[in-house]
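Have a look at the structure below, then the notes.
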Amino acid sequence: MLKTILLRRLVGGIFILWLVSVLVFAAIHLLPGNAATILVGHSDTTPQEVASLTRQLGLDQPLIVQYGRWIKGLVTGDWGTSLVSSLQVSYIVRTRLENSGALTLTSMLMLSPLAIIIGTVSAIRRNRAIDHVASLVTLCLSAVPAFAIGVMVIYLLATNVVHWLPAASILNPDEPVWSQLNLVIAPAITVALAMIPYPIRMVRATMIEVLDSDYVMLARLKGIPERQVIFRHALRNGLGPIIQSLALTLLFLSGGIIVVETVFSYPGVGYALVQGVSQRDVPVVQTIVVLLAAFCVVINLAADLAVAFATPRLRTALR
Amino acid sequence: MAQNVSRRTFLAIGGGGLSAAFLAACAGSTTPAASTSTSTAAAGTAKRGGTLRVGSIGSSADILDTTFSSTDIDQQRNQNVYDSLKYISPDLPYQTEYALAESIELNPAATVATVRLRKGVEFHNGKSLTADDLIFTMRRILDPDKPGKAATSFAAVDPGSIKKLDALTVQFNLATPDSLFAQRWGSASTNIVPTDFDPAKPVGTGPFKVQSFTPGSRSVLVRNPHYWMPGEPYLDEVEIIDFSDNTSRVAALLSGQVDAIDGVDPSDLRQIPSGGFVTQITKSGFYQPITMRVDEAPFNDVRVRQAFRLMVDRPQMIAQAYSGYGQIANDMPFPADPAYPDLPQRVQDIAQAKSLLKAAGHEGLAVTFTTTPENGGLVATAQVFAQQAAAAGVKVTVNDLAPTSYDAGFKSWPFTNGYWAANTLGLGYSSRFLKSGGLNDSHWNDPAGAALYADLLKTPDPAKQKTYAIELFQRFYDMGPDIIHSFKNNIDVYSSKFQGFQPFNSTGWALGSWRYRNVWTS
């Protein structure tokens, strides 16, 4: 049972990735200009030099050949070379992924406990002062775009009010990201603030439903202390939907990270993607987009499995 | 106003400069301009040591292979790792001083150039500079399969007949006369590389050696203790950190992560506090002309071009597009050229503009102005011009393209604006104003002008060169393809802990042409 589900999801996932790769390839080729025109720019070059560069980069081949060559490389592990910098795409992506991974992890570590706490407290004290304040704050945060939150964080914590954090996350490429965590904090705070409204609302809704359920009422009637009711009965049962909402948050995060990385000059995959598109660096853009899509597919699957394991009813159904 | 990393060869052909004297510090010869330039003034109080961190706009297209330098950040990096035969002097008028060359002499016909190299110069790996390195460099620049960025500048050189006269002397034979050969040196694309040059582990003769280089991220350069200029450099280390966003760059300066930023937008100046930072303004001939394509209607009619020039309110343009950081210009480029004439200043004259348009049969003209935010002020210029042109009954539609899209159609736009280096007429004319010029975005085709230019290249006599240049300037003034309303200033901001930066008014290059060998910290 479990095996069939996994297999079906895997096949579906691969199909989705293939579709994404075709769409991205088409999209980037619809844009005017290519890497050769970028590299040449307005230099004083002859048309022959531009043609020669175009040939060198393999951009004169028919599109289907270029796509075929790239996808063959992708599955065999040769992710090609950046058109702009002649670095290996696998090298670029590996370092950028590490950095983005650190940022994602730090943001999720910041926002998950906070979302659960605030959501639960709002549910317990619903319609009272603390619930209204939390509502207002989350509404404001969700209305402000991520880059504006970033700019405010920089203004407040780095440049104008206090100087606690660095303003630009210019990581030293020769050292691992874990040794430069002070450069990760400001963007992580930004991402967390930008993403937290959704999970707070979800946790609150879930907890309200759970706290209104029969078994909680029974537990209260039995005289179980409120703290035990909340932790042992309510939260445990609310765990399924809470995990799902956190997983969805993680998915949104992988997209929202692009904007925040750019604001902080943080060398992650999002930043590399933005630069890659503006430089028409096809191998880099393709690879990063497919990797992000793969990440989404995997997270979806993992979340569904986690929910299933957390819900006894589904756990038995899986067997 | 994202300063995208453009591959414009800022210096294009004109990377070199006019001839001048030795560096006073080295040769002790009488050189009027040299006393104000480079290190002599600073040497007395300068102190050893320190690290300078510079935040510049860069991308993964960064390179250390100096022959192919094209972006500003490549210029910055490679001017510190390598040297050229000459240096460009920071002051006006535009001239060059000898660097790796001791002398460059031309025969009266300007067809043979003899270069004597300086003695005792070492590359970072200990190898001595010899004639072989110069020959290798020139052949590398002129390689037909992979030409360097200076290839069009040295198009007159015949690569097959370069002669080594002795260990330090090279004779170049020029297929066509080129009286400006000695002035074409100075930009990063003319830097000298050794015969065993390996782009993966580059060495030059410059004041700093490469410690590490990650394109798109940062370059770390360390002091060259055997640099041929006595006493320099003072700094122990220079870090050039890449940014692709101006806002992030300014924030990094304010939070102390970098010490200097180059090419700052005037709108960002408001954020800089009054204490702790120095704002350096460079006034040069850097220009952002409004360029009209002259090979098709309506701009093939000189009356229309004249009318358009009369529509511009120049002071208003400077105030709006450059926030006041500019000087009024007179439709002629290259103000650093000694021959730049003092012709009657053009001012806005809507009535005359209207009558010229009427005479040309183009009343009520409608044009599309294609622009891009590739350089600060371009889009604002287009918008202001659209307003000013409306008074003359001309409808201007501004088409703002992303830099990549703009570059893809470069030289095809009928009405556009661009940004070009400060230069001399001799060095800057061929790329934009000869019919075959690689940067000829106006499709300018002026046989009489080309003939004058060819004559200029034949005479090594500066006085005669000047007479030809004056005529060419007059042609720009009367019928040129550009509306050159002003010259834009360059703004740099750096921490007051550092000294030795000076405005580079000759080329307009930022942070004193990134000449970090002159910089020290207290």
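The Cα atoms of chain B give a gyration tensor whose axes a ≥ b ≥ c have a/c of 1.5 or more with a/b no greater than b/c, which makes the shape oblate. Coupling constants for the stretch B:204-218 follow from the phi torsions by the Karplus curve (6.51 cos²θ - 1.76 cosθ + 1.60, θ = phi - 60°), and in residue order they are x, 9, x, x, 10, 9, 7, 9, 8, 8, 10, x, x, 10, 6 Hz; glycine and proline get x. How big is D for chain A, in µm² s⁻¹ as a whole number, if Stokes-Einstein is applied with the Kirkwood radius of its Cα pairs at 4 °C and 1.567 mPa s? Calculated translational D: 58 µm²/s.
Where Lys and Arg each count +1 and Asp and Glu each count -1, what net charge lies around A:Arg227 among other residues with Cβ under 14 Å from its Cβ? So the surrounding residues net to +2. Note on chain A: with a GNM built from Cα contacts shorter than 10 Å, the maximum mean-square fluctuation among A:Trp70, A:Trp79, A:Trp178 falls on A:Trp178.
In this structure, the pairs whose alpha-carbon distance is over 29 Å, taken from B:Lys47/B:Lys164; B:Lys86/B:Lys164; B:Lys149/B:Lys458, are B:Lys47/B:Lys164. Within the same chain, lysines fewer than 8 places from B:Lys201 are excluded, and of the rest, those with a Cα less than 18 Å from its Cα are B:Lys127, B:Lys209. Taking 20 Å as the straight-line reach from the Cα of B:Lys395, the aspartates and glutamates in range (excluding those fewer than 8 positions away in the same chain) are B:Glu296, B:Asp301, B:Asp313, B:Asp349, B:Glu363, B:Asp482.
Going highest first, how would you order B:468-478, B:234-244 by mean Cβ packing within 10 Å?
My ranking of the peptides, most packed first, is B:234-244, B:468-478.
Only helical runs count toward this figure. For the protein assembly as shown, summing -39,500 (n - 2.57) over DSSP H runs of n ≥ 4 and dividing by all residues gives -13500 deg cm²/dmol at 222 nm.
Here the relative contact order of the stretch A:166-243, from alpha carbon pairs under 8 Å that lie six or more residues apart, stands at 27 percent. Mean separation of Cα pairs under 8 Å and 6 or more residues apart, divided by the residue count, gives the stretch B:186-316 a relative contact order of 11 percent. Taking a ≥ b ≥ c as the square roots of the eigenvalues of the Cα gyration tensor of the protein assembly as shown, is the shape rounded (a/c under 1.5), prolate (a/b larger than b/c) or oblate? Since a/c reaches 1.5 and a/b is larger than b/c, the shape of the protein assembly as shown is classed as prolate.
For chain B, a simple Cβ point-charge model (Lys and Arg +1, Asp and Glu -1, everything else neutral) yields a dipole of about 320 debye relative to the Cα centre. Short-range pairs are left out: with C-alpha atoms under 8 Å and at least six residues apart, the relative contact order of the stretch A:191-319 is 26 percent. Shielding by partners for peptide B:394-403, expressed as the average number of C-beta atoms from other protein chains within 10 Å of each residue's C-beta, is 1. Charge tally for B:Asn423 (other residues, Cβ to Cβ under 12 Å; Lys, Arg +1; Asp, Glu -1): +1. What is the Cα centroid distance between the stretch A:1-34 and the stretch B:352-406, reported in whole angstrom? About 45 Å separates the Cα centre of the stretch A:1-34 from the one of the stretch B:352-406.
Ordering A:191-204, B:202-215 by mean Cβ neighbour count within 10 Å, with the highest value first, yields A:191-204, B:202-215.
Averaged over the residues of A:150-159, the number of partner chain Cβ atoms lying within 10 Å of the residue Cβ comes to 3. Mean partner shielding of peptide A:45-51, defined as the number of other chain Cβ atoms within 10 Å of each residue Cβ, is 3.
Within a straight-line Cα-Cα reach of under 19 Å, B:Lys119 can be paired with the following aspartates and glutamates, leaving aside sequence neighbours fewer than 8 residues apart in one chain: B:Asp83, B:Glu97, B:Glu102, B:Glu105, B:Asp132, B:Asp133, B:Asp166, B:Glu232. The residue list A:Cys140, A:Gly223, A:Met110 was ranked by how far each Cα lies along the charge dipole of chain A toward its positive end, using unit charges on Cβ atoms, and A:Gly223 comes out on top. Please label the shape of the stretch B:338-449 as rounded, prolate or oblate, based on the square roots a ≥ b ≥ c of the eigenvalues of the alpha-carbon gyration tensor (a/c under 1.5 means rounded; beyond that, a/b larger than b/c means prolate, else oblate). Oblate, because a/c is 1.5 or more while a/b does not exceed b/c. Ordering B:79-87, A:166-174 by mean Cβ neighbour count within 10 Å, with the highest value first, yields B:79-87, A:166-174.
Going through the stretch A:101-177, which trypsin sites (Lys or Arg not before Pro) have at most 11 other Cβ atoms within 10 Å and a DSSP loop state?
A:Arg128
Just so you know, all these numbers are worked out from the coordinates, no wet-lab data involved. A quick note: this is a predicted structure, and the numbers were derived from the prediction, not measured. Don't worry about glycine lacking a Cβ; one is built from the backbone with ideal geometry, like all the others, and counts go over all protein chains shown.
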